[in-house]
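Worksheet for the structure shown next.
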Amino acid sequence: MATQQLRFTRWDTPAAVAGSALFTESLGCGIYVLEFANGDEYVGQSVNFPVRFATHRRRWDDIVAVRFAPVLAHDLNASELEMVRARQAAGKLLRNINLLSQPIGPSALDLTVDTEVQAAWLSAEVEDAIIEIGDRPALAERRIKSRKSFEQLRVHPLYEEVVEALAVYVALVIPWPHTTEGRLWTLTALPSTNRRRDHRRLATLSIQNVEVLVLAESLEAGGSWSAFTLINTAVADSLPPELARLVDVIHDYRSAGPVHHYALGGLDVAADLLFVPEVLKAARHLALGQLRKGRAAFSRFHNDPFTDEVFIKMSDLLTPVDDAKSPGQPVG
């Protein structure tokens with residue numbers, strides 16, 4: 001749609017008057033032009049103009065008028081570009097001028113950084129244009145520190161069994177693990193907790209301050225090491241008799257209250273235990289309750305490269321195998 005065909009309605013926008021009082025008609029999808037006290041303008045598009053206008057007002061306090069023209073959604077990009085060029089040709093200084101050399105219209109970056117913030121960054125002085133990097137340096141430091149223990153664990157003969165047990169647990173018990181790991185739940189490799197000459201932990205998975213899964217080994221009388229698994233869940237309402245005999249109730253975690261504690265030989269028992277519906281439900285109940293309490297108490301000890309390996313293993317476990325396409329499989 002050519003800009004000369006757009007039907008603009010103009011409103012004065014005194015600061016003391018709320019937007020809801022300015023726009024008496026239903027305004028939705030269209031192109032708008034903000035007018036500023038110093039003569040500048042800003043051209044934009046929106047699918048919900050009143051909401052977008054309120055956003056602009058929070059950023060700029062010198063908007064004196066606005067013009068709006070309804071436009072169909074599929075015409076927004078072209079109409080916005082034409083209006084920008086038309087206002088430039090008319091000699092207007094646009095406050096979004098710094099973005100005009102960039103692609104016009106929606107961008108994936110806009111979902112993370114508002115276009116107005118992008119424009120402000122481009123026009124800022126050098127010292128004001130330095131972007132905050134948040135806690136990224138701390139995450140980098142954590143990765144570097146955790147690399148050593150990960151490399152030590154990776155050469156352990158039980159490493160693959162450890163990773164598979166963790167992958168099964170995370171896949172079955174922890175909701176949205178890819179968005180919560182390192183902040184709401186943590187994984188450590190060869191942690192020093194409870195380490196003794198005859199006992200060592202291979203991996204510990206914690207949610208908040210509760211150790212929900214511990215994979216460890218102890219030294220037997222003959223000099224060999226024997227692996228075992230510790231799993232904590234919420235107290236289950238009922239359990240099959242064969243499991244009820246194996247579980248203890250412990251009160252080690254004040255924040256979680258009493259929990260069911262399983263201590264079982266081997267590293268492959270997590271899957272068998274979690275496939276019991278009553279146990280899985282109790283494990284999920286404890287996990288979600290702890291996740292909802294916020295940042296994990298041991299997040300600074302989270303082992304990122306180790307967790308990367310667990311996610312890769314999860315991908316392998318969750319990817320269905322097409323037997324018909326397996327190498328060497330006869331067809332027909």
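Rule-based calculations on the coordinates, nothing more; no lab input. These numbers were taken from a predicted model, which means no experiment stands behind them. Using ideal geometry, Cβ is built from the backbone for each residue, glycine included, and neighbour counts are taken over all protein chains shown.
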(Q) Helix-only estimate, please: 222 nm mean residue ellipticity of the chain, summing -39500 (n - 2.57) across DSSP H runs of length 4 or more and dividing by its residues, to the nearest 500. (A) -10500 deg cm²/dmol
Q: Return the long-range amide H neighbours of A65 (sequence gap of 5 or more, or a different chain), with a cut-off of under 5 Å between placed amide H atoms.
A: T13, E35
Q: Determine the percent antiparallel among the DSSP beta bridges restricted to the chain, to the nearest 5.
A: 95 percent
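Dipole magnitude of the chain about its Cα centre, charges +1 at Lys/Arg Cβ and -1 at Asp/Glu Cβ only, in debye to the nearest 20? Write down the numbers at each step before the final one.
On the way: 34 positive and 41 negative charges, 121 e Å.
Dipole magnitude for the chain comes out near 580 debye.
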Q: Any of K293/K313; K148/K313; K145/K281 with alpha carbons more than 25 Å apart? Name them for me.
A: K293/K313; K145/K281
Q | Among I133, I144, I231: highest mean-square fluctuation, GNM of the chain, C-alpha pairs under 10 Å | A | I133
**Q.** Rounded if a/c under 1.5, otherwise prolate or oblate - region 16-85, Cα gyration tensor axes
**A.** oblate
Q: Compute the long axis of helix 304-318 from its Cα atoms, compare it with the longest principal axis of the Cα atoms of the chain, and write down the angle in degrees, 0 to 90, nearest 10.
A: 90 degrees
